[in-house]
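The values are calculated or read from the model by the stated rules, or taken from the named source; none is laboratory data. This one's a predicted model, so the numbers in the text were calculated from it and none came from an experiment. FYI the Cβ positions are ideal-geometry reconstructions off the backbone, even for glycines, and counts take in every protein chain you see.
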Amino acid sequence: MSHLGMALRRLCALSVALLWGCLASTSHRKAVAPPQDLQITDPGLLGSLDVEWKPPPNVQTVSDCTVRYKFEYRNTGDRDWKVIFTRKLKFRVGFDLSRTAEVKVQTLLEGQCTNDMEVQSDWIYATFQVPLQGKLESEVQNFHCIYHDWEYLKCTWQPGLLAPRGVHYGLYYWYEGLDRAAQCDDYIQDHGINIGCMLQNLSQAEYKDLSICVNGSAAATLLRPLYVTLRLHNLAKPSPPKHLVVSMSASEELHVAWSPPGGETPPQCLEYEVQLTEDARGTKAAWASVSTQMETALTISRANQSRISCVRVRGRTNIFCADQGFWSEWTQECFSVSRKEDKQLFILIPLILSLSSSLMVFMLIGQCKKRSPAGKPLHASVGC
């Protein structure tokens with residue numbers, strides 16, 4: 001009985017110690033204050049907003065612990081938060097200004113003062129919304145951009161459904177490195193209305209967020225602006241490959257070789273698709289596809305020994321340089337490839353046709369000479 005009593009006393013002592021530990025931990029956790037004065041400001045950079053806060057009070061007195069912050073942000077409607085762990089008190093991050101920007105931040109404390117346990121404060125929140133003017137149907141439609149040959153960006157759009165006649169559209173853009181937002185200086189027009197823009201010299205914007213706003217103005221009508229954030233490398237479209245050469249070996253293997261397209265597209269960033277068909281004359285030709293990564297040559301076994309093949313190649317940015325991209329147009333070359341034993345036949349047929357034509361012309365001229373009056377020149381004419 002005494003042993004049982006001692007065990008119970010020990011169990012009670014352990015329970016009391018755990019309870020005090022939990023209370024102490026809870027008390028310590030509540031003592032960690034969150035940051036203060038969380039603010040969001042718009043510097044006029046088309047979606048890049050400045051978020052800043054102040055440290056919690058008395059943080060300077062904590063000398064034996066590290067103070068960090070967990071900063072999260074997203075647009076309303078996004079499923080996930082983007083997370084940053086930092087010791088800074090200010091960040092510039094990108095948002096879609098057509099939706100509300102949401103941010104939150106908390107204090108993280110860790111070190112000797114917390115027995116090397118990370119202690120978190122409560123969250124503080126802030127939101128930001130640009131006052132949206134005009135109805136949604138007044139916003140431009142079918143906005144689409146392609147980064148051609150990694151040289152220039154072409155963006156096009158159509159007027160909004162509620163846009164009146166005489167509307168004027170302007171495209172503005174910004175990326176990290178520009179002091180302020182810039183306006184397009186090379187517009188594409190249709191009947192005097194800006195429906196597109198060509199942007200050059202964007203190499204400094206590659207692999208960065210490119211913020212774009214297309215704003216419209218019209219007399220006595222408010223139009224809603226369009227805000228988008230692009231990544232140029234995911235919009236790249238190269239030109240078709242060049243110098244396509246197709247040949248056949250004695251062992252009936254088809255060799256296909258080409259050169260990378262021109263422009264500024266990095267050759268190491270390209271993948272290719274090669275297509276081969278046995279009947280290019282038909283409108284519903286069956287194409288067989290073969291893909292390559294960066295290689296610019298391919299060997300294909302021709303087991304069916306067919307006489308005619310059409311070969312074409314196209315390229316796009318590969319997964320090592322972009323998450324997505326646009327395929328180039330196909331090369332236009334179409335080749336007739338013959339088996340070696342058939343080549344003499346393909347050479348003889350044009351030769352026989354040529355000799356036959358010459359013989360017919362000779363006989364025709366002879367007949368015309370017989371019919372031509374003496375002393376008059378002979379003219380080549382139909383029916384002599």
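Below is a table of values for the structure above.
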{"quantity": "Residue 272 being among the aromatic types (Phe, Trp, Tyr), at pLDDT 80 or above, closer than 30 Å to residue 136 by Cα and in a strand (DSSP E or B)", "calculated": "no"}
{"quantity": "Of all residues making up the stretch 60-74, the number that are more than 28 Å from the chain's Cα centre (by Cα) and within 19 Å of residue 125 (Cβ to Cβ)", "calculated": "3"}
{"quantity": "From the options 209, 179, residue that is free of Cβ contacts under 8 Å to residues at least 12 places away in the same chain and at negative phi", "calculated": "179"}
{"quantity": "Residue list for the stretch 164-177, restricted to those being at pLDDT 95 or above and among the aliphatic types (A, V, I, L, M)", "calculated": "171"}
{"quantity": "Selected residue (only one of 263, 216, 196 is in contact with a His (Cβ under 8 Å, 6 or more places away or on another chain), crowded, with 17+ Cβ neighbours inside 10 Å and among the small types (Gly, Ala, Ser))", "calculated": "216"}
{"quantity": "Test for residue 161: is it hydrophobic (A, V, I, L, M, F, W, C) and at pLDDT below 95", "calculated": "yes"}
{"quantity": "Filtered residues of the stretch 226-259 (kept if assigned to a loop (DSSP other than H, G, I, E, B) and in contact with a Phe, Trp or Tyr (Cβ under 9 Å, 6 or more places away or on another chain))", "calculated": "231, 238, 240, 241"}
{"quantity": "Which numbered condition residue 46 misses (of (1) buried (at least 16 other Cβ atoms within 10 Å of the Cβ); (2) farther than 23 Å from residue 226 by Cβ)", "calculated": "(2)"}
{"quantity": "Residue in the stretch 69-77 that is acidic (Asp, Glu) and modelled with pLDDT under 95 present", "calculated": "no"}
{"quantity": "Test result for residue 207, closer than 25 Å to residue 97 by Cβ and either among the acidic types (Asp, Glu) or in a strand (DSSP E or B) (or both)", "calculated": "no"}
{"quantity": "Yes/no for residue 217 being part of a strand (DSSP E or B), assigned by TED's automatic domain parsing to the domain that holds residue 170, touching a Phe, Trp or Tyr at 6+ places or on another chain (Cβ under 9 Å) and more than 23 Å from residue 264 (Cβ to Cβ)", "calculated": "yes"}
{"quantity": "Some residue of the stretch 34-44 being part of a loop (DSSP other than H, G, I, E, B), closer than 30 Å to residue 211 by Cα, in contact with a Cys (Cβ under 8 Å, 6 or more places away or on another chain) and not assigned by TED's automatic domain parsing to the domain that holds residue 174", "calculated": "no"}
{"quantity": "Odd one out for residue 146, checked against (1) within 28 Å of the chain's Cα centre (by Cα); (2) free of Cβ contacts under 8 Å to residues at least 40 places away in the same chain", "calculated": "(2)"}
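Yes/no per residue for (1) of a type in the set (Lys, Arg); (2) part of a loop (DSSP other than H, G, I, E, B); (3) modelled with pLDDT under 80:
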| position | (1), (2), (3) |
| --- | --- |
| 263 | no, yes, no |
| 306 | no, yes, yes |
| 314 | yes, no, no |
| 321 | no, yes, no |
| 324 | no, yes, no |
| 328 | no, yes, no |
| 331 | no, yes, no |
| 344 | no, no, yes |
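Table: residues versus (1) under 29 Å from residue 220 (Cβ atoms); (2) assigned to a loop (DSSP other than H, G, I, E, B); (3) among the hydroxyl-bearing types (Ser, Thr, Tyr).
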{"site": "143", "(1), (2), (3)": "yes, no, no"}
{"site": "147", "(1), (2), (3)": "no, no, yes"}
{"site": "163", "(1), (2), (3)": "yes, yes, no"}
{"site": "166", "(1), (2), (3)": "yes, yes, no"}
{"site": "170", "(1), (2), (3)": "yes, no, no"}
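For (1) in contact with a helix residue (DSSP H, G or I) (Cβ under 7 Å, 6 or more places away or on another chain); (2) on the phi > 0 side of the Ramachandran plot, each residue gets a yes or a no:
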residue	(1), (2)
98	no, no
102	no, no
110	no, no
118	no, no
125	no, no
129	no, no
138	no, no
149	no, yes
153	yes, no
